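These notes concern the structure reproduced below.
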Amino acid sequence: NAGVTQTPKFRILKIGQSMTLQCTQDMNHNYMYWYRQDPGMGLKLIYYSVGAGITDKGEVPNGYNVSRSTTEDFPLRLELAAPSQTSVYFCASSLKTGLAYNEQFFGPGTRLTVL
Amino acid sequence: AQSVTQPDIHITVSEGASLELRCNYSYGATPYLFWYVQSPGQGLQLLLKYFSGDTLVQGIKGFEAEFKRSQSSFNLRKPSVHWSDAAEYFCAVGGSGTYKYIFGTGTRLKVLA
C-alpha cells in the first residue's frame with residue numbers, strides 16, 4: 001500500500017511551457033485534492049474531486065486544469081506556466097464514510113520552479 | 001468567515017522542554033480539527049484529529065491536543081520535545097458537512113540540543 005504518490009519530485013519550467021503533475025492513490029479514496037504551498041501562506045486548495053468524472057474549483061484554480069477519469073488518478077495540468085506558479089504542490093485524498101469526511105492523506109509533493 | 005490562526009510563526013525550544021503550539025479557529029458549525037506535521041522536504045503527516053467526544057486527544061509521537069470550544073482553540077502539546085520533532089506544524093479545520101479543510105499558515109519548530 002503506497003498511499004498517495006506524486007511525480008515528478010522536482011521540475012523546472014520555462015515561462016509559457018506546460019506540464020502535468022501526476023497523482024495516484026491506492027486506498028480507493030473517493031475524494032482527491034490538489035494544494036499549493038507557498039512560504040508563510042499555508043496550503044491553498046486548487047482543485048478537488050469527489051469521484052471519477054467529477055471535479056470542481058478550489059480557492060486558487062486560475063492557470064490550472066484537472067481531470068479524474070479513474071478513482072486512482074488525479075493529474076494537475078499547468079498551461080502556459082508563469083513565475084507565480086512557482087510553488088510546492090501537494091496531492092491528497094480522503095474517504096467519505098457515511099456522513100463523515102475523514103482525514104486527508106498527503107503525497108510527498110512536487111517542487112516546481114518557473115523561470 | 002471560516003479561518004484558522006496559528007499566532008506563532010517560529011518557536012524555539014530546548015530538547016527535553018515542554019511544547020505548546022497554539023491554534024485558534026473560526027468555524028460556523030461543529031468543527032473537525034486536525035494537526036499535521038511536515039518534516040523538511042516531506043509531505044504532511046497526520047498527528048491527531050478531533051471529531052467529537054473527549055476533548056483531550058492523543059496522537060502519534062507523544063503529542064496531544066485539547067479542544068476548548070469556549071476559546072475556539074485546539075492547542076498542540078508535548079511534555080518533552082526531541083530533536084527529531086523539529087518540523088513545521090499545521091492546524092486545520094473541517095466540518096461534518098464538508099470535505100474541504102482550512103489550513104493555518106504553520107508554525108516552524110526549532111529544537112536546540
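The values are calculated or read from the model by the stated rules, or taken from the named source; none is laboratory data. Please read these numbers as outputs of a predicted model, since none were measured by experiment. Because the Cβ atoms are built from the backbone with ideal geometry, glycine has one as well, and the counts that use them run over all protein chains shown. All accessible areas refer to the heavy atoms of the entire protein, side chains included, with ligands and DNA or RNA removed. Shrake-Rupley method; radii C 1.70, N 1.55, O 1.52, S 1.80 Å.
The B-A contact accounts for roughly 1700 square angstrom of buried accessible surface, both chains included, probe 1.4 angstrom. A 1.4 Å probe over all protein chains sorts B:11, A:15 by accessible area into A:15, B:11, starting with the largest. Taking all protein chains together and rolling a 1.4 Å probe, residue A:27 ends up with roughly 50 Å² accessible. Each residue was assigned an accessible area with a 1.4 Å probe, and for residue A:91 the value is about 0 Å².
The value for the protein assembly as shown of Rg(Cα) / (2.2 N^0.38 Å) is 1.02. Between region A:43-115 and region B:1-74, what's the alpha-carbon centroid distance in Å? First find each Cα centre; the distance between them is then 24 Å. Reported value for region B:24-113: 103 Å³ per residue, from the convex hull of its C-alpha atoms. Remark: relative contact order (chain B) = 37 percent; criterion is Cα-Cα distance under 8 angstrom and separation of 6 or more residues. Relative contact order, whole percent, for chain A stands at 35, derived from Cα pairs under 8 Å and 6 or more residues apart. Distance distribution P(r), region B:1-60, all Cα-Cα pairs, bin width 10 angstrom from 0: 16, 45, 33, 5 percent. Taking the DSSP beta bridges with both ends in the protein assembly as shown, the antiparallel portion is around 90 percent. For region B:1-97, the list of GluC sites (Glu not before Pro) that fall in a loop by DSSP and count at most 15 other C-beta atoms within 10 angstrom reads B:15. For the listed residue pairs B:68/B:100; A:96/B:78; A:57/B:49; A:96/B:49, the alpha carbons are over 24 angstrom apart in A:96/B:78; A:57/B:49.
With a 1.4 Å probe rolled over the protein heavy atoms of all chains, the accessible area of A:96, A:9 falls in the order A:9, A:96, largest first. When B:90, B:51 are compared by accessible area of protein heavy atoms, the largest-first order is B:51, B:90, using a 1.4 Å probe.
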